[in-house]
Amino acid sequence: MSDRPVLLRGGRVVDPSQGIDAVHDLLLLDGKVARLAPSGSLDGDLPEGTEVVECAGLVVTPGLVDVHVHLREPGGEHKETIASGARAAAAGGFTAICAMPNTDPVIDSPATVGFVAAAGRAAGAARVYPVGALSMGQKGERLTEIGELVEAGAVGITDDGLPVMDSGLMRRALEYTLAFDIPVADHAEDVGLSRGGVMNEGAVSARLGLRGKPNAAEDVHVARDLVVAELTGGHIHLQHVSTRHGVELIRQAKARGVRVTAEATPHHLLLTDDAVKGYDTNAKMNPPLRTETDRLAVVEGFLDGTLDTLATDHAPHHYDEKEQAFDDAPFGIVGLETVVGLILTHFVHEREEAADEAGARHPGTMNLSTFVERASAAPARAFHLPGGTLAEGSPADVTILDLDHRWTVDPSRFLSLSRNTPFTGWKLRGRAVRTIVGGRSVFVAETEAKAEAGAGPS
């Protein structure tokens with residue numbers, strides 16, 4: 001928390017939680033949002049010693065939230081640490097991230113939950129919220145002591161990476177979490193249908209001679225999770241949805257009133273299994289990249305709110321691990337530092353450039369407020385996290401975006417310890433230039449820092 005008041009002056013404030021999209025000033029005080037008012041109206045009423053950050057030409061939003069991040073610590077510190085992941089998140093514009101439990105040891109006890117929470121606080125960057133394991137050791141056999149995990153700081157439970165195949169165990173998890181009002185997140189995959197697969201099952205896998213994972217493996221599991229959630233009244237959070245039928249099942253379940261939230265990832269929004277051609281292991285992920293028909297369905301679900309949450313599934317791996325043969329390389333890509341640029345470039349800017357004089361929406365694109373909703377307000381709601389709004393009294397967690405900043409993805413510049421991305425060399429427009437947590441700037445882009453250094457005192 002910053003002891004010094006901060007005024008963010010003259011930025012375009014986009015806060016869908018309050019229906020705001022206008023030029024405003026934002027005053028941060030004692031780690032909270034103190035005032036939000038039309039630009040210039042606060043100048044004569046500022047606390048002594050207020051730091052003024054000029055935001056003209058920039059966009060000010062509630063801090064972005066990523067509810068699906070792998071930080072690898074404990075046990076995989078050569079890939080990522082809690083500190084490096086929190087710094088990478090801040091550089092990507094995220095003020096809060098949820099850490100998955102598939103570490104070594106697994107985050108399945110109050111002690112390990114407490115360790116992640118404490119290490120996150122010590123990092124002093126993005127807030128780190130632990131997600132506890134659903135089953136002991138993520139073995140899918142015995143439920144963890146959910147109440148104790150929540151008391152220690154867990155904001156949800158999941159066996160992410162290891163789908164819960166026992167429907168009875170999933171039922172008990174959904175029933176038990178009702179008492180704590182936390183989500184049960186699930187990686188939807190029927191391993192009996194997908195076992196041994198390394199990419200999407202289809203024409204590309206056949207040409208490459210690689211064993212595939214069929215859409216049905218995800219669809220069957222999505223259907224099971226939705227039915228059990230409907231039975232119990234529990235909150236199911238479906239991770240990284242990738243199939244056309246899965247999107248439609250979720251859409252229908254929401255219409256019936258099932259308590260379900262669901263993720264879209266940037267890679268499933270932008271890539272297909274064609275990216276695997278050449279046996280590029282940076283395009284190996286789970287669930288796999290699917291066909292163009294599936295990609296378009298994920299985009300449609302993302303735009304209409306069926307997939308209400310943008311999540312990166314940030315999954316760092318060491319260079320040597322990804323340099324193995326395709327069959328042997330691990331699944332996953334990093335995403336914290338590229339997602340803002342990818343979505344702004346390919347969904348927000350394309351809308352603005354293709355809009356006609358009447359402002360008609362170009363198919364396949366979204367307005368800026370919708371992006372902020374999917375990347376901030378919706379994930380905060382899904383996991384009951386503070387933030388996702390700039391309402392007075394809310395945490396002073398803020399992301400400042402430069403929509404016109406043009407840059408090229410260069411993994412050597414990542415703050416993450418890993419570089420495994422299929423987006424190397426992509427030219428993007430838009431990025432986070434300042435990330436504020438608790439009223440304190442935890443990331444300032446190099447261009448902004450230089451500008452501040454040359455500007456002198458306000």
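Would you be able to tell me the number of residues in the range 235-263 that are in contact (Cβ under 8 Å) with a residue 40 or more places away in the chain and farther than 27 Å from residue 206 by Cβ?
Summing the residues that are in contact (Cβ under 8 Å) with a residue 40 or more places away in the chain and farther than 27 Å from residue 206 by Cβ in the range 235-263 gives 11.
Any residue in the range 95-116 that's assigned by TED's automatic domain parsing to the domain that holds residue 157 and more than 27 Å from residue 400 (Cα to Cα): show its pairings with residues that are of a type in the set (Ser, Thr, Tyr) and surrounded by 24 or more Cβ atoms within 10 Å (Cβ to Cβ) at Cβ separation under 6 Å, as long as the two are six or more apart or on different chains.
Pairs that qualify, where the first residue is assigned by TED's automatic domain parsing to the domain that holds residue 157 and more than 27 Å from residue 400 (Cα to Cα) and the partner is of a type in the set (Ser, Thr, Tyr) and surrounded by 24 or more Cβ atoms within 10 Å (Cβ to Cβ), are 108/144.
Can you find a residue in the range 30-53 that is under 27 Å from residue 428 (Cβ atoms), out of contact with any His (no Cβ under 9 Å at 6 or more places or on another chain) and outside the structural domain of residue 161 (by TED's automatic domain parsing)?
yes
Within the range 300-320, take every residue that is touching an Asp or Glu at 6+ places or on another chain (Cβ under 9 Å) and charged (D, E, K, R) and give me the one that is surrounded by the fewest Cβ atoms within 10 Å (Cβ to Cβ).
Step by step, filter the range 300-320, then rank; the result is 308.
Could you check how many residues of the range 304-332 are assigned to a loop (DSSP other than H, G, I, E, B) and among the β-branched types (Val, Ile, Thr)?
Residues in the range 304-332 being assigned to a loop (DSSP other than H, G, I, E, B) and among the β-branched types (Val, Ile, Thr): 2 in total.
Is it the case that residue 221 is modelled with pLDDT of 95 or more and outside any helix (DSSP H, G or I)?
no
Given the structure, is residue 217 buried (at least 21 other Cβ atoms within 10 Å of the Cβ), of a type outside the set (Phe, Trp, Tyr) and in the same structural domain as residue 185 (by TED's automatic domain parsing)?
It is true that residue 217 is buried (at least 21 other Cβ atoms within 10 Å of the Cβ), of a type outside the set (Phe, Trp, Tyr) and in the same structural domain as residue 185 (by TED's automatic domain parsing).
Give 335, 341 a once-over and let me know the one that is in contact with a strand residue (DSSP E or B) (Cβ under 6 Å, 6 or more places away or on another chain), modelled with pLDDT of 95 or more and part of a loop (DSSP other than H, G, I, E, B).
From the options 335, 341, the qualifying one is 335.
Go through the range 184-204 and give me each residue that's in contact with a helix residue (DSSP H, G or I) (Cβ under 6 Å, 6 or more places away or on another chain), in contact (Cβ under 8 Å) with a residue 40 or more places away in the chain and not charged (D, E, K, R).
Hits for the range 184-204 are 184, 188, 199, 200, 204.
Kindly indicate the residue of the range 197-214 that is hydrophobic (A, V, I, L, M, F, W, C) and under 25 Å from the mean Cα position of the chain (by Cα) and also nearest to residue 271 (Cα to Cα) among those meeting that condition.
In this case the residue turns out to be 199.
Sort out which residues of the range 299-331 are touching a Gly at 6+ places or on another chain (Cβ under 9 Å) and aliphatic (A, V, I, L, M), and write them in order of number.
Once the filter is applied, which keeps residues that are touching a Gly at 6+ places or on another chain (Cβ under 9 Å) and aliphatic (A, V, I, L, M), the range 299-331 yields 299, 303, 307, 311, 315.
Name the pairs whose Cβ atoms lie under 9 Å apart, with the first residue in the range 399-428 and at pLDDT 95 or above and part of a strand (DSSP E or B), the second among the aromatic types (Phe, Trp, Tyr) and surrounded by fewer than 22 Cβ atoms within 10 Å (Cβ to Cβ), and 6 or more positions between them or separate chains?
408/426; 427/407; 428/407
So in the range 51-102, with the set limited to residues that are under 18 Å from residue 341 (Cβ atoms) and of a type in the set (D, E, K, R), which one is surrounded by the most Cβ atoms within 10 Å (Cβ to Cβ)?
Taking the candidates together, the pick is 66.
What residue, among those in the range 257-299 that are small (Gly, Ala, Ser) and in contact with a strand residue (DSSP E or B) (Cβ under 7 Å, 6 or more places away or on another chain), is surrounded by the most Cβ atoms within 10 Å (Cβ to Cβ)?
262
State whether one or more residues within the range 98-105 are at pLDDT 95 or above, under 16 Å from residue 418 (Cα atoms) and in contact with a strand residue (DSSP E or B) (Cβ under 8 Å, 6 or more places away or on another chain).
No, the range 98-105 contains no residue that is at pLDDT 95 or above, under 16 Å from residue 418 (Cα atoms) and in contact with a strand residue (DSSP E or B) (Cβ under 8 Å, 6 or more places away or on another chain).
Looking at the range 138-150, which of its residues are in a helix (DSSP H, G or I) and either crowded, with 24+ Cβ neighbours inside 10 Å or at negative phi (or both)?
Passing the criteria: 146, 147, 148, 149, 150.
How many residues does the range 140-179 hold that are farther than 14 Å from residue 191 by Cβ, among the polar types (S, T, N, Q) and in contact with a helix residue (DSSP H, G or I) (Cβ under 7 Å, 6 or more places away or on another chain)?
Of the residues in the range 140-179, 2 are farther than 14 Å from residue 191 by Cβ, among the polar types (S, T, N, Q) and in contact with a helix residue (DSSP H, G or I) (Cβ under 7 Å, 6 or more places away or on another chain).
Would you point out which residue out of 161, 140, 120 is closer than 22 Å to residue 287 by Cα and either under 18 Å from the mean Cα position of the chain (by Cα) or without any contact (Cβ under 8 Å) to a residue 24 or more places away in the chain (or both)?
None of the others qualify; the one that does is 161.
Residues to consider are 423, 371; find the one that is in the same structural domain as residue 35 (by TED's automatic domain parsing) and under 19 Å from residue 267 (Cα atoms).
Just one listed residue meets the conditions, 423.
Just give me the residues in the range 92-118 being part of a strand (DSSP E or B) and either in contact with a Pro (Cβ under 6 Å, 6 or more places away or on another chain) or under 13 Å from residue 74 (Cα atoms) (or both), in sequence order.
99
Residues being touching an Asp or Glu at 6+ places or on another chain (Cβ under 7 Å) and either charged (D, E, K, R) or outside any helix (DSSP H, G or I) (or both): count how many of those fall in the range 119-137.
4
The values are calculated or read from the model by the stated rules, or taken from the named source; none is laboratory data. Just so it is clear, the model here is predicted, and its values are computed rather than measured. Quick reminder, even Gly has a Cβ in these numbers, built from the backbone with ideal geometry, and neighbours come from all protein chains shown.
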